[in-house]
Amino acid sequence: MKDGLKICTIGGGSSYTPELMNGFIKRYDRLPIKEIWLVDVERGREKLEIVGALAQRMWDASGHDVKVHLTLDRREALKDADFVTTQFRVGLLDARVKDERIPFSYGMLGQETNGAGGMFKALRTIPVILDIVEEMKELCPNAWLVSFTNPSGMVTESVIRYGGWERCIGLCNVPIGAMLSEPALIDKTLDDLVYRFAGIDHFHWHRVFDGATGREVTMDIIDAMLDPNKDSGIPANIHNIPFAREQLDHLKMIPCGYHRYYYIQTDMLADGLREYADPEIGTRAQQVKAVEDQLFELYKDPELAEMPELLSKRGGAHYSDVATESIAAIYNNANEHIVCSTLNRGAIPDLPADAVVQVSSYVGGAGAQPIAFGPMAPAARGYLQLMWNMQLLVEEAAVKGDYGALLEAVALNPQIPSGSDAMNVINELLIAHKQYLPQFADKIAELEAAGVTIKDDVVREMCEQGR
């Protein structure tokens, strides 16, 4: 019998790690953790050491006997792990800057998980997560993979479809953010309401019901969300442009915040372009880098032994709640309602049973058991099927290095207008990320030989500096 649980966190040098530690500490009575292994890459060594020291101080202050190990050896960290969490970003925040600025330089959306930027984050990330899965098969075959790595839906689907690893759930903080913010809009608590989510990661909708009477209160919440005097609870990284009243009346579901990039596309693009053009503001990645610099200065304080308030401005609020609650639900076979990315199994009949969807599920010892949502109405169904098929092509391109599959995905992506500019964006992103896209090495060499260069001055300078 093991003396407590071993947790392995890949991307352990992330600024999110203190929040993750906070979540584990709060749930220690349900999760008897003995050791936590934080693992990162050489480029992240300094941050790993800083945040790892803070993590140990947090555990020491909690009074629980938990040892935090720091390593650059992923295999050492994975050996005999009970749970593996992932929160890594291939290429660090510099890669996100490129994902955002290159599309914006051509007048297209630059965003972490949507448009061309989201596609390229998947291209860099999926091969790495599949390598991790192969190591898990050897080193911790009974572990659960709990992934918070974006784009969460595509990462989770690749783990299951290409990695053959079903002991995996993908997580996102957007659903829990909605569940924590919306009840107060109608003078209720979360315990009073029943939530049902369905869709794919960053492209889901939800309905809400009164737990006591069964009456649907979705439209009551929509009424309150559209009230300019109330806080709609939108994630901090998304500009709060209201949805059209008549559209929501017809939809009769609450779209997630990221739907603004599709339902209000030109307005959201204009806001992003405004920030891109202002060197004092910059894109979201550049804003986050500034916050991270401040966070790590705070983390260095040897007297700090708790999660600082500034972390709430980093984005990803409530990350620890959904990640650690999911682990506790699996470990304790709690069959708790958690929204996660998992196999569809008929929950959304508009997508195949083996599609990975983001749905309300009962999470317990056997993982996520999706709750039936039922068919979507035409507008939601059409958009959902388009986006899921687009993601399938991105996943194929990531695994096989297939440029043709990538172009097919581009043709389907609503955020990428077809034409020569689309080709320029894709080709520049390939060159900008070449050190993280070995599967496209031949195509990248061809593009460089043809003289393809990067238009955006900031990104071009980053590439010249080897960042």
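The values are calculated or read from the model by the stated rules, or taken from the named source; none is laboratory data. Because the structure is a prediction, the values reported are computed rather than measured. A quick note on method: Cβ atoms are made from the backbone with ideal geometry, for glycine too, and the neighbour counts reach across all protein chains shown. Note: accessible area is taken over every heavy atom of the protein model, side chains too, but ligands, DNA and RNA are not part of it. Shrake-Rupley method; radii C 1.70, N 1.55, O 1.52, S 1.80 Å.
Under a straight-distance cross-link criterion of Cα-Cα below 19 Å, which aspartates and glutamates are reachable from Lys400, leaving out those fewer than 8 residues away in the same chain?
By straight Cα distance, Lys400 reaches Asp131, Glu134, Glu157, Glu408, Asp442, Glu446.
What number, in percent, do you get for the relative contact order of the chain if the mean sequence gap of Cα pairs under 8 Å and at least 6 apart is divided by its residue count?
It comes to 18 percent, rounded to a whole number.
Once the whole set of protein chains is in place, how much accessible area is left on Asp29, using a 1.4 Å probe, in Å² to the nearest 10?
Number for this one is 130 Å².
Under a point spin-label approximation (7 Å from Cα along Cα-to-Cβ), what is the Asp301-Ala53 distance to one decimal in nm?
Each label point lies 7 Å from its Cα, and together they span 1.5 nm.
Among Lys137/Lys455; Lys137/Lys252; Lys289/Lys434; Lys6/Lys47; Lys26/Lys434; Lys121/Lys230, which pairs are too far apart, with a Cα-Cα distance over 32 Å?
Violating the 32 Å limit, Cα to Cα: Lys137/Lys455; Lys137/Lys252; Lys26/Lys434; Lys121/Lys230.
Please report, in debye to the nearest 20, how large the charge dipole of the chain is about its Cα centre when each Lys and Arg carries +1 at its beta carbon and each Asp and Glu carries -1 there.
Computed charge dipole of the chain: roughly 620 debye.
I need the shape label for the range 215-278. Rule: rounded when a/c is under 1.5, else prolate if a/b > b/c, else oblate, with a, b, c from the alpha carbon gyration tensor.
Prolate, since a/c reaches 1.5 and a/b exceeds b/c.
Please state the shape class of the chain: rounded when a/c is under 1.5, otherwise prolate if a/b exceeds b/c and oblate if not, all from the C-alpha gyration tensor.
The shape class here is rounded.
Any idea how far the Cα center of the range 386-445 sits from the one of the range 43-80, in Å?
The distance from the Cα centre of the range 386-445 to that of the range 43-80 comes to 36 Å.
Where both residues lie in the chain, what percent of DSSP beta bridges are antiparallel, nearest 5?
Looking only at bridges with both residues in the chain, the antiparallel portion is about 50 percent.
List the residues of the range 171-203 whose backbone N lies under 17 Å from a point placed 7 Å from the Cα of Ala212 along the Cα-to-Cβ direction.
The answer is 183-195, whose backbone nitrogens lie closer than 17 Å to the label point.
Sorting check: for 218-227, 264-273, which peptide has the highest mean count of neighbouring beta carbons within 10 Å, and how do the rest follow?
Peptide ranking by packing, descending: 218-227, 264-273.
Would you tally the net charge around Ile25, using a Cβ to Cβ cut-off of less than 15 Å, leaving Ile25 out, and scoring K and R as +1, D and E as -1?
-2
May I ask you to list, by number, the DSSP H helices of the chain whose Cα span along the axis is at least 15 Å and whose average Kyte-Doolittle hydropathy reaches 0.0 or more?
115-139, 319-331, 378-400, 420-432
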